[in-house]
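Peer 1: This is the structure I have questions about; it appears just below.
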Amino acid sequence: MFQSLDFSHERDLTVDDVLRRVESYYPDADFDLMRKAYEMAEKSHSHQKRSSGEPYIIHPLNVAATLVKLRMDADSIMAGFLHDVVEDCDVKPEEIEKEINPAVAQLVVGLTKISKINFKTREEGQAENFRKMVVAMAKDIRVVIVKLADRMHNMRTLQYVSDAKQKKIAQETLDIYVPLASRLGINSVKSELEDLCLRFMHPDIYYRLAEKVAMKKSDRDDYINDTLEVLSEKLLDHGLKSEIKGRPKHFYSIYKKMTARGVDFEQIHDILAFRVIVGNITECYKGLGIIHSAFTPIPGRFKDYIAIPKVNGYQSLHTMVIGPKAERIEIQIRTDEMDEVAETGVAAHWKYKEGIHSGKTKLDWVEQLLEFNQNVTNNSEFMDVVKNDLDVGGVFVFTPHGDVFELRYGATPLDFAFAVHTQVGIQCVGAKVNGKMVPLRYTLKSGDTVEVMTSKNQTPSKDWLNIVRSSRAKTKIKQYLLKIERENHKEMGRDILEKAFRSYDTSIKSLTKTGEFDKAYQTLGCSNVDEMIINVGSGKNGVTQVLKAIPSLKRKVIENTEKEKIEEIDQYSQKLNQAARRKSHRDNAVIVDGLDDIVVRIARCCNPIPGDPIKGYITRGRGITVHTSACTRMDQAEMNRDVQVEWNPAFGFKHPVNVRVITHDKPGILSTLSKTINSIGVNIRSALAKSLPDRKGSFIFEVEVKDYSELLKTIATIESHDEVISVNRV
Ligand code: MN
């Protein structure tokens, strides 16, 4: 029989049992510390009972015992003892850190975090659930192994909870933990969990299978023993020593066969599996050759997982033959080492051999995840690894409630807000990441917990398009801006037209009655009346054009063209100033009196920064341009109108400014100046250096400053150098 790991619930298990088992493979473990961890757990859970009525501590003890069976390290086992104390007993992670060690505290924190993840239902896909776990695994893969041990024991004792809860937990296990155990290559845990899921999800099928398998037991045992004998004889005939085990397949795999083939148990004959363990890889293939020549292989059932291991590191040869009694049997051929990896998968990495990690790197992806995890700044590379190996496409962040969202790499809190809900995005005023306020431009990292702050008064601004990375958010912002713009333009257009018509003693209403208004839009090439009104509001169609398209007004209009032109501009600018004042955005550098969803451009000629006195000009069809009050380079050819503008104190981003520095030429002066500028916290975007006659140097630094006062400070700091002759903003 296979000596598969036995994960049964042990009701009389004690800490001494657990520690004795640890000693058998890890004699140098710190048993005092492990006992201390256990005692801490026992004390914390002392007043709690499980659904079965047993003292709660039996659960962490069994979880730890499972970890011992998987040959996990001492920290994992201690985390097994303590895995529920933070969540269920209000023990602070700091206490674990102080009393035990930081590593165990970290593991318990990770476990607590996993328990807060809201896993999606099956319909939403296993991949996503799996990715959530990857986020948790990225910190320390042991977290997930302890979690699997926890889940296994909960499944083992699931009969004590309500039917509904049994089904729910079993489904979740099947959707999340089984694929996870499979991906981590811990097949012993995977098969065990699968059988337990079947037991609680389809008890009728499970017990029928169990009964049938039991009924055939004596026959089967004989059959297995006979087959074992024949197999090992054949192999020995060819000088191959082997250890052979045979067992019925797990119920779940029989069940899957039954459902896949649509047949009943009686019709499933290949319920037996044999495992041949040999000394090395050459012997694996030799054994295969012997078996294939002695028994008839079933075509298409041979798989070589030695040459091409499964992605989880599993290696073995699989074949199916017509056995000695003319029944199909499955045979797996592998080495001892491969067998261990097959049973314990990634857990094999923590196996202690003479007190040190055996540190095999067969599961490269886990190794890489762990390695990359140590270098958190290498986030993009880390994501590449995750992506390649697990097909994960972006950044995974949590809501404060533990829901996970996948966002594009480089996503900001604003992307997150729109991912949560369009309305949340539209009203987003700020965000906290891991409890700290961050700018909306902040780049989210996997594992971040993001909390969005909203305000009913908030509306998106055009700058947001530069902040978001996801096309969904971009589209939503554009749609919103367009909708608002159209509404505003429509309202403005209607007002402008009414006013213009009034001076000709008519109105939209009476021109609609005569049918002239409805004809005008066709003349202008608009598709409907609304479009014409909107075009007037946006300035795309001049009011004069509309007037000229109305036959009864045409002649008078031409006479008044000049006058009208001016009036039109006046009305437009007046309208802009009349519009309701909205709350200012932190994302707009400049607040335009009355409006904030209009294009605001900072004039390049004078490049004003906060603190500079400024003036704004409305340029028809081109929005508002902001100049310094002193700037004279206005395009006089255009008809412009002033508009009141002021700096937005809430705007937190830096403005680039060019500063020219003339110095005496001296070696190293550029780096000295750069250091000086950086020393006051000002970032240099670029620097241009030029030699001047008379051993002088000219430098232009493009610095990023918050406002005018920071610019002055920067200039003063540069001036304080002896070599510096002059400093000017350019
Ligand atoms: Mn637990």
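Peer 1: Please go through the residue pairs 241/310; 310/445; 92/436; 499/519; 675/696 and name each one whose alpha carbons sit more than 23 Å apart in this structure.
Peer 2: 241/310; 310/445
Peer 1: Also, quick follow-up: For the range 156-226, compute the number of Lys pairs whose alpha carbons are separated by less than 26 Å, excluding pairs fewer than 8 positions apart on the same chain.
Peer 2: Value for the range 156-226: 7.
Peer 1: Can you put 721, 401, 45, 83 in order, fewest other beta carbons within 10 Å first?
Peer 2: Fewest to most other Cβ atoms nearby, the residues stand as 401, 721, 45, 83.
Peer 1: Ok, one more. Of 405, 302, 396, how do they rank once you tally other Cβ atoms within 10 Å and put the fewest first?
Peer 2: 302, 405, 396
Peer 1: With equal scatterers on the alpha carbons only and no solvent term, can you work out the Debye log10 of I(q)/I(0) for the range 31-78 at 0.14, 0.17, 0.26 1/Å?
Peer 2: With one equal scatterer per Cα and no solvent, log10 I(q)/I(0) is -0.35, -0.51, -0.96.
Peer 1: Here is a further query. Based on other C-beta atoms within 10 Å, arrange 306, 322 from fewest to most.
Peer 2: 322, 306
Peer 1: Okay, moving on. With a ≥ b ≥ c taken as the square roots of the eigenvalues of the C-alpha gyration tensor of the range 385-543, please select rounded if a/c is under 1.5 and otherwise prolate if a/b is larger than b/c or oblate if it is not?
Peer 2: prolate
Peer 1: Apply the a/c threshold of 1.5 to the C-alpha gyration tensor of the range 1-42 and tell me whether it is rounded, prolate or oblate.
Peer 2: In terms of gyration-tensor shape, oblate.
Peer 1: While we're looking at this one, here's another question. Identify the residues of the range 145-174 with backbone N under 13 Å of a label point that sits 7 angstrom from the Cα of residue 210 along the Cα-to-Cβ direction, or state none.
Peer 2: Residues 156-160 fall inside that zone.
Peer 1: Additional query: Jot down the per residue volume, in cubic angstrom and as a whole number, of the convex hull over the alpha-carbon atoms of the range 392-469.
Peer 2: Spelled out: Cα convex hull of the range 392-469, divided by residues, is 80 Å³.
Peer 1: Can you pull the three principal axis extents for the Cα set of the range 15-160, in Å, largest first?
Peer 2: Extents along the principal axes, in whole Å: 46, 34, 29.
Peer 1: Moving on. State, to one decimal in nm, how far the label point of residue 686 lies from the label point of residue 720, with both points 7 Å from Cα in the Cβ direction.
Peer 2: Inter-label distance under the simple model: 2.9 nm.
Peer 1: Calculate the spin-label point distance for residue 159 paired with residue 530, positioning each point 7 Å from the Cα along the beta-carbon direction, and give it in nanometres.
Peer 2: 6.7
Peer 1: For residue 556 and residue 21 in the same chain, what is the full-extension length gain: residue separation times 0.36 nm, less their Cα-Cα distance, in nm?
Peer 2: Here the answer is 182.2 nm.
Peer 1: Going through the range 666-730, which trypsin sites (Lys or Arg not before Pro) have at most 11 other Cβ atoms within 10 Å and a DSSP loop state?
Peer 2: Answer in residue order: 695.
Peer 1: Any idea what the alpha-carbon Rg over 2.2 N^0.38 Å comes to for the range 211-349?
Peer 2: 1.06
Peer 1: Per the Debye formula with a single identical scatterer at each Cα and no solvent contribution, what log10 I(q)/I(0) holds for the range 655-729 at q = 0.11, 0.12, 0.16 Å⁻¹?
Peer 2: After summing over all Cα pairs, the log10 values are -0.23, -0.27, -0.48.
Peer 1: Please give the length that would be gained between residue 665 and residue 31 if that part of the chain were fully extended, namely 0.36 nm times their separation in residues minus their C-alpha to C-alpha distance (nm, one decimal).
Peer 2: Residue separation times 0.36 nm, minus the Cα-Cα distance, leaves 221.3 nm.
Bear in mind these aren't lab numbers, they're just calculated from the coordinates by the rules spelled out. This structure is a prediction, so every number in the text was calculated from the model and none was measured. Positions of Cβ are backbone-derived with ideal geometry, glycine not excepted, and every protein chain shown enters the neighbour counts.
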